[in-house]
Amino acid sequence: MMNADPRFSSDRSDRELGMDRRITRRDFLDGMALAVGATAAGGLLAGTGTAHAAGRPGDYPPALTGLRGSHAGSFETAHALRDGTFDVGEVRDTGEEYDLVVVGAGISGLSAAHFYLRDVDPRARILIIDPHDDFGGHAKRNEFRVGGRTLIGYGGSQSIDTPSAYPEEAKRLLLDVGIEVDRFETYYDREFNQRHGLVNRATYFLKETWGRDHLALRRPGMTNAQLLADAPLAPDARRQLAELLDSPRDWLTGLDQEQKLAELRKRTVMQFMDDYVGLLPDTRKYLIRSIAGGTGLNMDQFPALDGAARGYTGVNGLGLDRSGGPWPGLGKTSTRFWGHDDPYIHHFPDGNAGVARALVRRLVPGAIPGGTMEDLVTARCDYSRLDQGRNRVRIRLNSTAVRVAHRGRPDRARWIDVLYARDGKVHRARARSVVMACWNAMIPYIAPDFSPEQRAAGREAVKYPLLYVNIALTNWRAWQRLGVANIGFPAGFWSSMSLDMPVSMGTYRFSSGPDEPIVVHAGACLTQPGMTAQAGAKAGRGELTGISFRDFERSLRDSLARALGPSGFDPASDIAAITVNRWAHGYARYYRLPADEAFWPQGPTPADILSEGVGRIMVSTTDAAYHGFVDGAIETAYRAVHRIAERL
C-alpha cells in the first residue's frame, strides 16, 4: 500500500518510475519488517536479533542492496535491552578467555585492537564483537555489479576529512595500516567536472513543498538573484534570500569583535537571522535544513558562533578577525578545523570503509589479500576468516553485547564477563579488559558497573538520524546534458543527489564517460527542526521507522525523474540497483552554545564523565570524542587503550 505522505508519492505511475522493473533490491523485506514494527520482528525482540541481513548464508555483505546500514537483525536486541524486555535466559559459556574484548567493530573498535597489539601486548588475544553482518560501523561499503563492471560506493562515513588537523596518534595509525593521505592527490580527479562540462548548479523546488515544480539552474557567472528570478518564492523572500547569498551583510555593525562573538554565543544561526535579519517565511523554509546533511542539525539547532566560523549563510559577513586562535566557545569540530584548509579529496571509493578494511587487513592476516592502498579497493574480504580460532584477533559479527561486568569489585576483579546474543542464544566470554567502542547511549543498559552519574551521562550520547543512499545507474547522460554533478532539493526530504566522487585507485576505475555506469549518492537528515536537537533526533528516528524501502525507492526515482527527465533520464531503464543505508543513530552529538552552556566549554561534558570508565572497562567512539569524524574514533580508541594499560 502506498504511503499517504506526499513526499513518497507523485503523479507518475509505478510503471513510469520503473517500480515494476527487476533491479537488485534483495533486502526488500527489511523495509517491510521495519514498517510494521515489533510484530514482524517476532522472537527478535526476545533477544534473538542476529539474523543475516538478507537471510541467506554466503551473501557478501558489501554487495547486499535494499535496506542496509542498521539492517534488520542488528538493532532489535539493543532495543529490547533499552525497553527492559530482554530475557538473558540460559547462558552458554564459550570457555574463551581474551586479553581484550572490544564491543563494536567500527573504526574505533578496530583501532583499539590495533593500539592494544602495538602499544600494550603484541601477543594479546583479542575478540571484537558487533551486531551487524559487516565490520566498519558507519564506515559501510556498498558494491554493485552493472554492465559487467563493479561499482563501489560509500554507505556511511565519507572521507578522511582535513587530515592535516588529525592528532598524531590518528596520523600514525593511518601510516601503520598503509594509508598515505598525500596519494589521494593522484587518485582524486579534480578536473573531472570541468572536463565533462558539469559546471552548472541545480536547485530543484518540489511542488509538494513550494507549490510547483521548478528547476533553477545556475550557470557560471550567474548570481543567486538571477538563479532565483523565477523560483516559486514570495517576491520579497526572493529578494531577501538573494541578498543573503550574494551580498552578505555585517548585521552587527558598530560592535567590536568581542561584542559580536558574545551575540553569536547566545544564539543558533536561525535565531541570529530571526533577530537581526528578520527572516521571511519562504526564506526561512529555504534555509532551515540547508546544513543538515553535513552536520546532522538544522539551522535552528546549529550554533551561530560555529556557523560564523564555517561561513554559513546569515553569519558570514560579520567581518570577524580570524588571525588568532579559535574563538572561545566554538564546538570541537570548528576548533579542530581552525587554520586548516585541506582539499576535500581524501576519499576511498568506499569512503572510510577503506580505513576499516585497512585495519582488518592488518588485524586478521589473510582476510583481505594484498598489501597496498590500491589493491585494498578491489580486494574481496573472506568473511569466513574473521572468526577463526587460530587468529590473534577474532571479529565476531552478528553478535550483540548484552552485559559487560567485572567478576567482583572493578578495582580488584581479574576477569570481566562479556555476554552477547548470537543466533538466538546468549554466550559468555571472559576478558581481562574491555573497550566499549559501541554507541555510548547503550552503555547504561549493558555495563552495570558504571556509576549512576556515568549512566546518566551515557544517555546524553544522542545521535542524529541519517540516510546515505547509493543508486547505481547504467549511464549519466542526462546529468551531462544538464551540465550538473549535484542537485539540491531545498526543504525536500532528500537534501541532495550527486554523482559520486571521481576516484580511481589501482585497477578500480571511475566512470570515464556518460555512457558508462556510475553511482549517484543521495542523502537525508531526519533530525526535525523546531525543537531541541535531542528531541529532533528522537522524532526523526520515529519517522524513520515508518518508511519502507518501497517508499524510499519511489521517492528517489520520482525526484530524479522530475529533475532530470527533461534531459533524458528514464527512471525505469537507467536505474540498476539501490542501496539505502539507514542510520537511525548517525552523526555523534555536537556540544555547542547556547544549548550546552551548562557544561560547554568549561566541562566536564557527559562524554568526559562516561569516558573515565570503570575498572578495566573503557569507552571510545565518536560519541566519546563529541564530533563525528574519523580522527575522533581513532583518538578515543588510543586514549581508552592507554588508560587500560595504566590499570593492568
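Any read-out appearing in this document is the output of simple, stated calculations on the displayed coordinates, not a laboratory observation. All figures in this text were calculated on a predicted structure; none of them were measured in a lab. Here Cβ is always computed from backbone atoms with ideal geometry, including for glycine, and neighbour counts include all displayed protein chains.
Points to keep in mind about this one:
- Were the residues from residue 543 through residue 11 laid out at 0.36 nm apart, the gain over their Cα-Cα distance would be 189.2 nm.
- Exposure proxy order (Cβ contacts within 10 Å, fewest to most) of 587, 445: 445, 587
- Gained length - residue 191 relative to residue 123, 0.36 nm times residue gap less alpha-carbon distance: 19.8 nm
- Each helix, a run of at least 4 DSSP H residues, gives -39500 (n - 2.57); summed and divided by the residues of the chain, these come to -8000 deg cm²/dmol at 222 nm.
- Ranking of 60, 286 by count of other Cβ atoms within 10 Å, fewest first: 60, 286
- An ellipsoid equivalent to the chain, defined through the eigenvalues of its Cα gyration tensor, has semi-axes of 39, 30, 24 Å when rounded to whole angstrom and sorted largest first.
- Each label was represented as a point 7 Å from its Cα along the Cα-to-Cβ direction; for residue 646 and residue 455 these points are 2.6 nm apart.
- The modelled label-to-label distance between residue 341 and residue 83, using points 7 Å beyond Cα along the C-beta direction, is 5.2 nm.
- Computed from phi, the 3J(HN,Hα) profile of segment 467-481 under the Karplus parametrisation 6.51, -1.76, 1.60 (θ = phi - 60°) reads 10, 10, 10, 10, 10, 8, 9, 6, 6, 10, 5, 5, 4, 5, 4 Hz, with x in place of Gly and Pro.
- Subset of 140/332; 207/266; 332/538 violating a 31 Å alpha-carbon distance limit: 207/266
- A full extension of the chain between residue 223 and residue 428 corresponds to an added length of 67.5 nm, given 0.36 nm per residue minus the alpha carbon distance.
- Estimated vicinal HN-Hα couplings, Hz - segment 526-533 in sequence order (Karplus 6.51, -1.76, 1.60; Gly, Pro = x): 9, 4, 7, x, x, 7, 4, 4
- Within the straight-line cut-off of under 14 Å between alpha carbons, the aspartates and glutamates reachable from residue 171 are 161, 180, 182, 631, 635, sequence neighbours fewer than 8 places apart in one chain being disregarded.
- nm² value of the averaged projected area, convex hull over the Cα atoms of segment 233-337: 6.5 nm²
- Helix 353-363 vs. the chain, principal-axis angle (Cα, 0 to 90°, nearest 10): 20 degrees
- Computed from Cα positions, the angle between helix 235-246 and the longest principal axis of the chain comes to roughly 60 degrees.
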